[in-house]
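To start, the structure under review is shown below, and the notes come after it.
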Amino acid sequence: MKPVRVGLLGLGTVGCGTVNVLARNAGEITRRAGRAIEIEMAATRDLSRSRGCDTTEFQLVQDPMEVVENPRVDVVVELIGGEQRAKALMLRAINNHKHVVTANKALIAVHGNEIFAAAQTKNVMVAFEAAVGGGISIIKTIREGLAGNRIEQIAGIINGTANYVLTGMRDQGREFAEVLADAQRLGYAEANPSLDVNGVDAAHKLTILAAIAFGIPLQFDKVYTEGIGQLTRGDIKYGCELGYQIKHLGIARRNGNGIEMRVHPTLIPKRRLIANVDGVMNAILVAGDAVGPTLHYGAGAGADPTASAVVADIVDVVRALTTDPENRVPHLAFQPGALASVDIVAPDMFETAYFLSLTAVDKPGVLADVTRILGDLEISIEAILQKEPPGNENTVPVIILTQRTRERHMNQAVSKIEALDAITRPVKRIRVEHFND
Ligand code: HSE
């Protein structure tokens, strides 16, 4: 089948991320979508600028209208941001019967009602997963996964830059402006970073979330909005001393009189999961009457995470163009003929660290025997604890934390340790995962 041809508007942080993800994962993406996806043309203001992606495989132009007018382009991906120009381009693309994918939250929040109406008359898709929560697929989750619920509340850290700034001020005691400059350098902030600081970016995103959660039109002008510009390191420190973290939240919830939509700094008890979401990470709590509270977490900004959502939307469009409409998403995510035969790793080849709990007779040389067994199998020890014996027993609990090793080495080690006369009970092992790589 012929590849689907994409026209990109914008080759900034997210545009280049999209080029890279499409190239890096081309094989798997084709197996999921049912057709290859190729970039036909990309529009960028500065043709000569060096950038972090390979642009040699497609045509570069300066005028984005050339992309939306190009009859070879099937799907337009709008990543230039801003409102008026992006809106004109998107409406033109829709008018030309092209499906559109966008990461532009301002455009959807402010002009979405008009854009969706136009798309409906032309029978084309407008996909905007990347507009909220970066790489978290929160739009799809609310719209599809939680479709059986009456949504009661949404509360989210939905601006990665603001969260990065607050975390940097709290953890490193750094100045607001200095951390914000880092967020800009890392590609998290908007082209106009005051949108991140004054809460408007979060308000755009909350507008979209509230619309899909409660089935209401997009109403950006009704969102109460405060930014983080007034917060000092003192506020953050004193909040911490009282047991709270300060987070910039977007909240949309039903109350007896209607729906509240508000964006502002908020103190949250430290024990709440959402209070521990730091740096550029976003997290969105969605509470439904059937499912209860759910929390969705991931990188909220940056090239690859945002591109992850953009590419997912492109795949959705391609599936709709390609497959039987009644069987649009393959049951196993990949097209039925494209399932791969890959070995499943046998348990003895698993690799993990271990917490070992031993019961040992309290006499000299026992620990030396145990550590020798581990050493002979090249299992490194991270920590050892010998605890007080419970009651009057002459055995003691010994806890050993190891570094990562293969399961089969640990199986051998445990057999040998259990064979020692001084080990009186089976060794209990609990696997340890740090999730830090
Ligand atoms: N500037 C935005 C943020 C980018 O920091 O969250 C992702 O929408």
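The numbers here are math on the coordinates, done by the rules we state, and not lab data. Worth saying up front: this structure is predicted, and the values here are computed from it rather than measured. Glycine gets a Cβ as well: all are built from the backbone with ideal geometry, and neighbour counts include every protein chain shown.
Table for the structure above
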{"item": "Residues of type lysines that K387 reaches as a straight line, Cα spacing below 19 Å, ignoring anything fewer than 8 places off in the same chain", "result": "K363, K428"}
{"item": "The chain: angle of helix 13-24 to the longest principal axis, Cα-based, in degrees nearest 10", "result": "70"}
{"item": "Between the range 53-76 and the range 110-181, the alpha-carbon center distance in angstrom", "result": "27"}
{"item": "DSSP bridge pairs, the chain: antiparallel proportion in percent, nearest 5", "result": "70"}
{"item": "The range 323-379 versus the range 210-254: alpha-carbon centroid distance in Å", "result": "41"}
{"item": "Nonlocal Lys pairs with alpha-carbon distance under 19 Å, the range 189-274 (8 or more apart, or different chains)", "result": "5"}
{"item": "Cα-based helix-to-principal-axis angle, 366-376 vs the chain, degrees rounded to 10", "result": "50"}
{"item": "Point-charge dipole on Cβ atoms (K/R +1, D/E -1) for the chain, about Cα centre, debye to 20", "result": "640"}
{"item": "Interchain or long-range residues, amide H under 5 Å from E382's placed H", "result": "L401, T402, Q403"}
{"item": "Karplus-derived HN-Hα couplings along the range 56-73 (A = 6.51, B = -1.76, C = 1.60, θ = phi - 60°), whole Hz, x at Gly and Pro", "result": "6, 8, 9, 7, 9, 10, 8, 9, x, 4, 4, 6, 6, 8, 6, x, 7, 7"}
{"item": "Under-5 Å amide H pairs with L60, H placed in peptide plane, nonlocal only", "result": "A42"}
{"item": "Calculated from backbone phi, Karplus (6.51, -1.76, 1.60) coupling profile of the range 109-119 in Hz, x at Gly/Pro", "result": "5, 8, 10, x, 4, 5, 5, 5, 4, 5, 5"}
{"item": "Likely footprinting exposure, D313, D343, fewest C-beta neighbours within 10 Å first", "result": "D343, D313"}
